[in-house]
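Participant: This is the structure I want to talk about, given as structure tokens.
The values are calculated or read from the model by the stated rules, or taken from the named source; none is laboratory data. Since the structure is predicted, the reported quantities are computational estimates derived from the model, not experimental observations. In this analysis, Cβ positions are derived from the backbone assuming ideal geometry, glycine residues included, and neighbour counts consider all displayed protein chains. To get the accessible areas, we keep the full protein, side chains included, count just its heavy atoms, and leave off ligands, DNA and RNA. Shrake-Rupley method; radii C 1.70, N 1.55, O 1.52, S 1.80 Å.
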Amino acid sequence: MVRKPFGSLDPLWYKDAVFYELYPRAFFDSNSDGHGDLRGILEKLDYLQDLGVDCLWLLPIFESPLVDDGYDVSDFYNIKARFGTVADFRTLIDGAHQRGMKIIADLVMNHTSNQHPWFREARSSRHSPKRDYYLWNPDDQKFREVRIIFIDSQTSNWKFDPATNEYYFHRFFPEQPDLNYDNPLVRQAMLDIIKHWLDFGLDGFRCDAVPYLFKREESNCENLPETHAFLKELRRLVDENYPGRLLLAEANQPPIETHQYFGNGDEFQMGFHFPLMPQIFIALKKQDARPIIDVIRRTPPIPNMAQWCIFLRNHDELTLEMVTPEERDFLWREYAPDPRMRLNLGIRRRLAPLLDNDRRKLELAYSLLFTLPGSPIIYYGDEIGMGDNIALKDRDGVRTPMQWADAPNAGFSTAEITALYSRAIDDGEFSYARVNVAAQQSDSNSLLNAVKKMIAIRKSHRAFGRGTCEFLETKNETVLAYVRRFENEIILVVNNLSASSQTVSLWMSSWVGHSARDLLTQTEFPQIEVHFPLALAPHQFLWLVLK
Ligand code: GLC
């Protein structure tokens, strides 16, 4: 049955939305088998609604051997049994829609699992009709300019397959063979999958690893014009048949390349702002606003319909692929002093440990997330300041069970502890006895309540999602100040990135005579004059509405 998209028909809804990235396996286990599932998410929708979330991004839920946590899909049309059924997915989408929320799912377009029937068939014989769904070569010397992404575990993007004595190409793990987008059947198959789930009622996709779809000799096989042409075709399909659905690009590229994924307003509606994220961490550590200002200034303007998705952390390592070698060394040194905290070109830690579990720094980071241009996304558990477990392999340390309560298994599951896909964090300052939803819900001063309040304020002022952003001269490099402006709404945001008190005098000639009230505390400020003096406590931030 073809379902209509729910609710608001504003096709630009994503510009005002607050997103939440959720790892289904970790969220809530409804059937006590030790793995989170779709029914578990359904049971927690009220929590997400109460937090103010507008759109959930679900990490992969389709059939998969889970070599790369579901980014190795073996059947795009079925839900992995451990996570539930197609009927459960239906109920979950309906449950979200009833609460005014949307759901987008991960769509892994670049590759499949090596257990996908296409690949099984393709590797069975050089003459298999599916052979050309993948990329084969007699040696591993083709596409030599392609970088390796999982540098800690891979030495080549080619894997020898003895069955037919040829190599196949893979950008990620060898269990994830890359699809051959030059094959029109592959392109059509992917479009059919997309149509299927949009007909089902899904509100869109977070499209995985999109820069790598097409491959060409003598190039690094990233961001090729052929790839953009196909993505534009995908967007056309959505616009013509599913207006209001969202395509969000995962393109971990420099600003100028990332920006290309918006096309001329005819490609993705949203893209993650990968270049901004590490600069936020540099700025916080150096107590210097310039890295943030510089990266935003280096980011070209985007089409009207487009929106950045801004984030602090996600389910992968904090990627340092798009920073200079000096910046990378700085971030590694400052944020990953223990080698176990490093993975590939990144840092496998969560937000709260990265910020020393310092409440003021955490709130300041959220102030940036909720007020800089773009729509914010929260990684599950970061709203309560969950910790990580660097003893676990790969990226598992940032994918531990959601900490609901000071109860066995953090209230995530009633299974035996040995049955859990991963143990909840149960020691130290981040143990579930100390960090959990229930405790923070009943504490009006908790991080959870602070985040919830910021979200509510953000959502009642469209300038945050849609407004222009103008940086103000502060003559004090530790203070980041900007004006967000949309229609008649003017909001002045001031962030003190420093651990000490600061004074600034903002040059406010354009707003002389305006009144200023802090949206966070309701404090009224003196009427604005050309020089607007402010005294800021360590890590303090103000969201001043000017009238
Ligand atoms: C993306 C995902 C990551 C995954 C990879 C391969 O980068 O975020 O988790 O391993 O693609 O699909």
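Participant: Out of the residues in segment 95-114 that are over 18 Å from the mean Cα position of the chain (by Cα) and more than 19 Å from Y167 (Cβ to Cβ), state the one that is farthest from the ligand (Cβ to nearest atom).
Facilitator: By that ranking, first place goes to Q98.
Participant: Check off (1) within 16 Å of the ligand (Cβ to nearest atom); (2) open to solvent by less than 50 Å² (accessible area, probe 1.4 Å); (3) acidic (D, E) for D54 and give me the number that stays unchecked.
Facilitator: (1) is the only condition that D54 fails.
Participant: Also: Mind checking which pairs have a first residue in segment 249-262 that is closer than 14 Å to P275 by Cα and a second that is within 11 Å of the ligand (Cβ to nearest atom) and open to solvent by 30 Å² or more (accessible area, probe 1.4 Å), Cβ under 7 Å, 6 or more apart or different chains?
Facilitator: Final answer for the pair search is N252/E321.
Participant: If you take the residues of segment 373-431 that are of a type in the set (D, E) and not in a loop (DSSP other than H, G, I, E, B), which of them is nearest to D152 (Cα to Cα)?
Facilitator: Narrowing segment 373-431 to residues of a type in the set (D, E): 382-383, 388, 394, 396, 406, 416, 426-427, 429.
Restricting the remaining residues to those that are not in a loop (DSSP other than H, G, I, E, B) gives 396, 429.
On the way: D396: 15, E429: 29 Å.
Among residues in segment 373-431 that are of a type in the set (D, E) and not in a loop (DSSP other than H, G, I, E, B), the one nearest to D152 (Cα to Cα) is D396.
Participant: Residues that are away from the ligand (no atom under 16 Å from the Cβ) and crowded, with 22+ Cβ neighbours inside 10 Å: find the strands (runs of 3 or more DSSP E) completely inside segment 238-331 holding 2 or more of those. It would help to see each step written out before you state the result.
Facilitator: Details: elements: 246-249, 270-272, 307-311.
Where strands (runs of 3 or more DSSP E) fall fully within segment 238-331 and carry at least 2 residues being away from the ligand (no atom under 16 Å from the Cβ) and crowded, with 22+ Cβ neighbours inside 10 Å, they are 307-311.
Listed here are the residues, each with its yes/no results for (1) open to solvent by 20 Å² or more (accessible area, probe 1.4 Å); (2) in contact (Cβ under 8 Å) with a residue 40 or more places away in the chain.
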{"site": "N183", "(1), (2)": "no, yes"}
{"site": "Q188", "(1), (2)": "yes, no"}
{"site": "F205", "(1), (2)": "no, yes"}
{"site": "V210", "(1), (2)": "no, yes"}
{"site": "K215", "(1), (2)": "no, yes"}
{"site": "N220", "(1), (2)": "yes, yes"}
{"site": "P225", "(1), (2)": "yes, no"}
{"site": "K232", "(1), (2)": "yes, no"}
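Participant: Further question: Name the single residue that is surrounded by the fewest Cβ atoms within 10 Å (Cβ to Cβ) among those in segment 126-167 being of a type in the set (F, W, Y) and more than 16 Å from the ligand (Cβ to nearest atom). First the steps, then the outcome.
Facilitator: The first filter runs over segment 126-167 and keeps only residues of a type in the set (F, W, Y), leaving 133-134, 136, 143, 150, 158, 160, 167.
Within this subset, residues satisfying the condition of being more than 16 Å from the ligand (Cβ to nearest atom) are 133, 136, 143, 158, 160, 167.
Numbers: Y133: 21, W136: 19, F143: 20, W158: 22, F160: 12, Y167: 20.
Here the answer is F160.
Participant: Under 8 Å between Cβ atoms, which residue pairs at least 6 apart in sequence (or on different chains) link something in segment 471-499 that is farther than 19 Å from L519 by Cα and modelled with pLDDT under 95 with a partner that is open to solvent by less than 40 Å² (accessible area, probe 1.4 Å) and small (G, A, S)?
Facilitator: What qualifies is T474/A289; T474/A481.
Participant: Can you confirm whether D69 is among the acidic types (D, E), within 16 Å of the ligand (Cβ to nearest atom), in a loop (DSSP other than H, G, I, E, B) and closer than 25 Å to P174 by Cβ? Give the derivation first.
Facilitator: On the way: among the acidic types (D, E): yes; within 16 Å of the ligand (Cβ to nearest atom): yes; in a loop (DSSP other than H, G, I, E, B): yes; closer than 25 Å to P174 by Cβ: yes.
For D69, the condition - among the acidic types (D, E), within 16 Å of the ligand (Cβ to nearest atom), in a loop (DSSP other than H, G, I, E, B) and closer than 25 Å to P174 by Cβ - is met.
Participant: Of the conditions (1) part of a helix (DSSP H, G or I); (2) touching a Ser or Thr at 6+ places or on another chain (Cβ under 7 Å); (3) open to solvent by 20 Å² or more (accessible area, probe 1.4 Å), G40 clears all except one; give me its number.
Facilitator: Against the list (1) part of a helix (DSSP H, G or I); (2) touching a Ser or Thr at 6+ places or on another chain (Cβ under 7 Å); (3) open to solvent by 20 Å² or more (accessible area, probe 1.4 Å), G40 comes up short only on (3).
Participant: Sticking with this one: Checking the condition within 14 Å of the ligand (Cβ to nearest atom), within 26 Å of the chain's Cα centre (by Cα) and part of a helix (DSSP H, G or I), which residue from P174, P211 passes? Step through it out loud before you land on a result.
Facilitator: Details: P174 fails: part of a helix (DSSP H, G or I).
It is P211.
Participant: Under 7 Å between Cβ atoms, which residue pairs at least 6 apart in sequence (or on different chains) link something in segment 412-437 that is without any contact (Cβ under 8 Å) to a residue 40 or more places away in the chain and open to solvent by 100 Å² or more (accessible area, probe 1.4 Å) with a partner that is hydroxyl-bearing (S, T, Y) and in a helix (DSSP H, G or I)?
Facilitator: none
Participant: When you go through (1) open to solvent by 70 Å² or more (accessible area, probe 1.4 Å); (2) not in a strand (DSSP E or B) one by one for R485, which number turns out not to apply?
Facilitator: (2)
Participant: Another question, if that's okay. Looking at L312, L276, L343, L248, which is the one that is within 20 Å of D382 (Cβ to Cβ), more than 16 Å from the chain's Cα centre (by Cα) and of a type outside the set (K, R)?
Facilitator: Values: L312 fails: more than 16 Å from the chain's Cα centre (by Cα); L276 fails: more than 16 Å from the chain's Cα centre (by Cα); L248 fails: more than 16 Å from the chain's Cα centre (by Cα).
Answer to the check: L343.
Participant: Scan segment 458-496 residue by residue and report those that are of a type in the set (K, R) and in contact with a strand residue (DSSP E or B) (Cβ under 8 Å, 6 or more places away or on another chain). Before you say what the answer is, go through the steps one by one.
Facilitator: In the first step, residues of segment 458-496 are kept if they are of a type in the set (K, R); the result is 458-459, 462, 466, 475, 484-485.
Passing the criteria: R458, R462, R466, K475, R484, R485.
Participant: Does segment 509-524 hold any residues that are open to solvent by less than 50 Å² (accessible area, probe 1.4 Å) and outside any loop (DSSP other than H, G, I, E, B), and which are they?
Facilitator: Correct list: W511, A516, D518.
Participant: Within segment 358-388, how many residues turn out to be touching a Lys or Arg at 6+ places or on another chain (Cβ under 8 Å), open to solvent by 10 Å² or more (accessible area, probe 1.4 Å) and more than 16 Å from the ligand (Cβ to nearest atom)?
Facilitator: Qualifying residue count for the region: 1.
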